Amino acid sequence: MNKYGLIGYPLGHSFSKDFFNRKFKSEHIDAEYLNFQIEDVKELKNVLKENPELCGLNVTLPYKTQVMPLLDEIDNDARLIGAVNVIKFIRGGRFNKFKLKGFNSDITGFKESIEPLLDKDIHRHALILGTGGASKAVYHGLKQLDINVQFVSRYHEEDCVSYDELTPEWIEEYTVIVNATPLGMYPHVEECPDIPYEFITSKHLLYDLLYNPDETLFMRKGKVKGATVKNGLEMLLLQAFVSWEIWNM
């Protein structure tokens, strides 16, 4: 039986295990999907040693960037983004050894999920809240959709403004706001990024990469102001489809 799985920490919020195991059962695929909750990315070597039937892995927080030096090869898009969330096991060579190749399915999942919600006359500028691995995929996805992008973080840095700098003028111009931080994820459901929600309007699109809970506080605050809101569940589903394609191509 082939094995697939997910590495990250913590993994209580992940839906991937149930999704893939339901897929395997419904499509009569002789495989199983396991969660590998590891406290240090270096523990990946133990996962590989103890599970020789592994054919592919997904990678989630906080290891999307940290895992890259441990891989044999990295796809061009993943290298451009600077993060990996899919690992393909390429077998062959002497003694059936394998090499690990990293890919990124975030960019495809995000772009295909947000594109139907965009109004090109209104949504020309976007704020990305957070600067982690997922935010880089969001950046490249938005750029491919011809949207100008500005990163926002707790501190002002080169090419990144701080939350304190978000004036009414910023919010008026940047009508797409993407939460790429873990703020608001279960069980911390009463947290949200510190943006001036009072200036959100019905022209705004607030997209949260989180999917647990279904409606985050970030989304609720935007919804009250008439904004279009969406969580990251569809993006996650699309990512899963891409992962399966990568593992089997």
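Values quoted throughout were computed directly from the atomic coordinates according to the rules given, and no laboratory measurement underlies them. Computed from a predicted model, the values in this text were never measured in an experiment. In this analysis, Cβ positions are derived from the backbone assuming ideal geometry, glycine residues included, and neighbour counts consider all displayed protein chains.
Numbers at a glance
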{"item": "Hz values of 3J(HN,Hα) by residue in region 199-210 - Karplus curve (6.51, -1.76, 1.60), Gly and Pro given as x", "result": "9, 5, 10, 5, 7, 7, 10, 10, 10, 10, 5, 6"}
{"item": "Integer Hz, Karplus 6.51/-1.76/1.60 couplings in order for region 225-232, x for Gly and Pro", "result": "8, x, 6, 6, 10, 7, 9, x"}
{"item": "Built amide H within the under 5 Å cut-off of Ile29, gap 5+", "result": "none"}
{"item": "GluC sites (Glu not before Pro) within region 116-225: DSSP coil, no more than 12 neighbouring Cβ in 10 Å", "result": "Glu158, Glu190"}
{"item": "GNM top mover of Thr201, Thr167, Thr65 - the chain, alpha-carbon springs below 10 Å", "result": "Thr167"}
{"item": "Which listed pairs, of Lys45/Lys143; Lys3/Lys97; Lys88/Lys136; Lys23/Lys223, have C-alpha distances above 25 Å, in listed order", "result": "Lys45/Lys143; Lys23/Lys223"}
{"item": "Ranked list, fewest to most other Cβ atoms within 10 Å of each Cβ, for Leu57, Leu142, Leu238, Leu117", "result": "Leu117, Leu238, Leu142, Leu57"}
{"item": "Residues with amide H under 5 Å from that of Val149, placed H, sequence gap 5 or more", "result": "Ala126"}
{"item": "Most mobile of Phe110, Phe218, Phe15 in a GNM of the chain (Cα contacts under 10 Å)", "result": "Phe15"}
{"item": "Environment charge at Ile171 (Cβ cut-off 15 Å; Lys +1, Arg +1, Asp -1, Glu -1)", "result": "-3"}
{"item": "Where GluC sites (Glu not before Pro) fall in DSSP loop in region 7-100, at most 16 other Cβ within 10 Å", "result": "Glu27, Glu39, Glu53"}
